[in-house]
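Some notes on the structure that comes next.
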Amino acid sequence: MDTTLTYFRKSAFSRDALVYAGDLDTQPAEGTLPSPVYYLDVGSRHINLCRNATQVTSPLLACKQHGMLGRSATIRGDITSSAHRNGAFSNAWTFVYMAEEFKWSIARWSNRWTLVDGRGNTVAGFERASFRASKIGTLNIMPGHPEHLVWLIVLTCELVHRTVKSSERAAHGS
């Protein structure tokens, strides 16, 4: 059975995200169930994947972007990985897990992107929410993947989302 996760903005003006299990239409009120399964602490050059907002100082994974345009990143935690953008003008990213490359591909003019492994198998898919103030989108991860890979998928999905949003802002001149 797929793992389905829904991303919401922490608040209207926050870059941080709360990730809930399941396919949710609306964000649960703070202090109610379900509780978020992950918290993404998002800064200008970093994304930290945490179990919750109180564990920001000891994240599961910490991603730090490098270079003038942030085209590469190192990811550290229980595992170490690297990531890079797939091209000079691409919003998609590639990361490495256990010596295997995983690539996010983004269909042009679409709110969907797909993660494939080095053999071309679909590992996960993300559908970005349209016209929602707080919902970012829904991630579906195929079954049978180790927890560390799931963490990398959750984190790099946010990295791709942030890159797409940045490109949209640049295209609209804001």
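The values are calculated or read from the model by the stated rules, or taken from the named source; none is laboratory data. These numbers were taken from a predicted model, which means no experiment stands behind them. Ideal geometry is used to build each Cβ from the backbone, glycine not excepted, and the neighbour counts take in all protein chains shown. The accessibility values were calculated without ligands, DNA or RNA, using every heavy atom of the protein model including side chains. Shrake-Rupley method; radii C 1.70, N 1.55, O 1.52, S 1.80 Å.
Results, tabulated for the structure shown:
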| read-out | value |
| --- | --- |
| Leading residue at positive end of dipole, the range 28-156 (Cβ point charges), from Gly144, Asn91, Ile79 | Asn91 |
| Most to least packed among 48-54, 115-121, 4-10, 152-158 [average Cβ atoms within 10 Å] | 152-158, 4-10, 48-54, 115-121 |
| Dipole magnitude of the chain, debye to nearest 20 (Cβ charges: Lys/Arg +1, Asp/Glu -1, about Cα centre) | 680 debye |
| Gain upon complete extension [Thr26, His84; 0.36 nm per residue less C-alpha separation] | 17.7 nm |
| Full-stretch length increase - Ser44, Met98 - with 0.36 nm per residue and alpha-carbon distance subtracted | 16.7 nm |
| Protein-only accessible surface order, largest first, of Met142, Met98, Met1 at 1.4 Å | Met1, Met98, Met142 |
| Partners for Lys135 among aspartates and glutamates (Cα-Cα distance below 15 Å; same-chain residues under 8 apart left out) | Asp16, Asp23, Asp25, Glu30, Glu127, Glu158 |
| By accessible area with a 1.4 Å probe, ligands and nucleic acids excluded, highest first: order of Lys103, Lys165 | Lys103, Lys165 |
